[in-house]
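All remarks here apply to the structure that follows.
Quick note: the coordinates plus some simple rules give every number you see, no bench work behind them. Being a predicted model, the structure only gives us computed values, none of them experimental. Every residue, glycine among them, receives a Cβ derived from its backbone with ideal geometry; neighbour counts consider all protein chains shown.
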Amino acid sequence: MGKEPGSTKFQTDFRRHLREQNISGNLVHLLCEIAEASKYVINAVRTGDLGVAGTSNLYGEEQLALDVLSDRILRKRLMYSGVVCNIASEEMDEIFQVTSNPLGMFSVAYDPLDGSSLVDVNLAVGTIVGIYQGDNLLQPGRNMVGAMYILYGPRVSMVYSVGKGVYEFTMNHLMEFTLTREKVQMKPSGDIYSPGGLRKKYTPENEAYIRYLEDKGSKLRYSGGFVPDINQILMKGKGIFMYPALTDSPNGKLRLLFELNPMAYLIEQAGGAATNGCMPILDMVPEGLDQRAPIYIGCKEDVAKATEFLNGVC
Ligand code: AFP
């Protein structure tokens, strides 16, 4: 588990920390640009208009003014970063091409403000980002070169990995990110469960798995925000989040590119697992930007148990 804040080690700032990771200068720059953008997103969340934007996204969902603003903040920052060739956002219908020359460049898939419908009741929300080398966004998540999320809660924290473990940074009073946890590791199993979707629409296999979790004494912890719910499981190092297939939506609700892949990457990096019930999330080949999938993500043994209950029905 990571060390507690307090020692001088934790005064390391994000850019300096990244430089020590032995990754390309372009990737350091990109991650720092996203961290910078998040400072404007949190400002929008704290003070922005809570109304609707009058538009809808690729999924036909009504966009909130905050969704549109957060998307614009991220997109602009990425466009002018000089290291991004393609951008896909949950709030845009198509891939946005910044340059046709992918040499030394990255493609970025992001959900600018996941859980935005929770802002009006003052619950936590977040930004989720997956980073790919080159111009192909429709490849298995396992090929990502980095993933991160920024959680806008009572504190703003940023959790990232570039394949060298999971690190958490927390925003201080000067709006700088300082290292607060390093090499985050999950336990083999845990006693928290976070189940999405209407239970009356669960299949018998999922219903049986939930009953198993309840019988073993797991605590229900579900906020309706993917970022805070995953953050709880990752930082406590225990438990499972699931958003299964439902009787009227066999692919569940959450999106592979924008939500599932980055979280699966981070959880695997911390020693956990993520599956759609039949295969690891990170091995799925996306067929389109809008692909959804069921997900079971968290401690390895809890995820394996879910797969056992599903018994190939997914
Ligand atoms: P919104 O962005 O529409 O609020 O959806 C949030 C979300 O995509 C994800 O953050 C949650 O885990 C999930 O949906 C919650 O879905 P339910 O409301 O069906 O539980």
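Below are the figures for this structure:
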| quantity | calculated |
| --- | --- |
| Gained length - VAL121 relative to ASP283, 0.36 nm times residue gap less alpha-carbon distance | 54.7 nm |
| Among the listed pairs LYS253/LYS305; LYS216/LYS238; LYS164/LYS253; LYS164/LYS187; LYS201/LYS236; LYS164/LYS219, those beyond 26 Å (Cα-Cα) | LYS164/LYS253; LYS201/LYS236; LYS164/LYS219 |
| Cα→Cβ-extended label distance, 7 Å offset, between GLN291 and THR99, nm | 2.8 |
| Candidates ASN86, ASN231, ASN26, ranked by Gaussian network fluctuation over the chain, Cα under 10 Å, top entry | ASN26 |
| Difference of contour (0.36 nm per residue) and Cα-Cα distance, ASP49 to LYS201 | 51.3 nm |
| Where the Cα pairs of the chain fall when distances are cut into 20 Å bins, in % | 35, 60, 6 |
| In region 73-105, the GluC sites (Glu not before Pro) that fall in loop regions by DSSP, at most 14 other Cβ within 10 Å | GLU94 |
| Highest-MSF residue in the chain out of THR247, THR170, THR127 [GNM, Cα springs under 10 Å] | THR247 |
| Efficiency of FRET between ASP215 and SER56 - r from beta-carbon atoms, R0 51 angstrom, step 0.05 | 0.75 |
| Efficiency of FRET from Cβ geometry, SER249 and LEU174, R₀ 41 Å, rounded to 0.05 | 0.40 |
| Among ALA147, ALA273, ALA304: highest mean-square fluctuation, GNM of the chain, C-alpha pairs under 10 Å | ALA304 |
| Per-residue HN-Hα couplings for region 256-265 [Karplus 6.51, -1.76, 1.60; θ = phi - 60°; Hz; x = Gly/Pro] | 4, 6, 8, 10, 6, 4, x, 5, 4, 4 |
| Ratio of Rg to Rh over region 179-314 (Cα coordinates, Kirkwood Rh, two decimals) | 0.94 |
| Amide H contacts of SER56 (H built 1.01 Å from N, under 5 Å, at least 5 apart or other chain) | GLN63 |
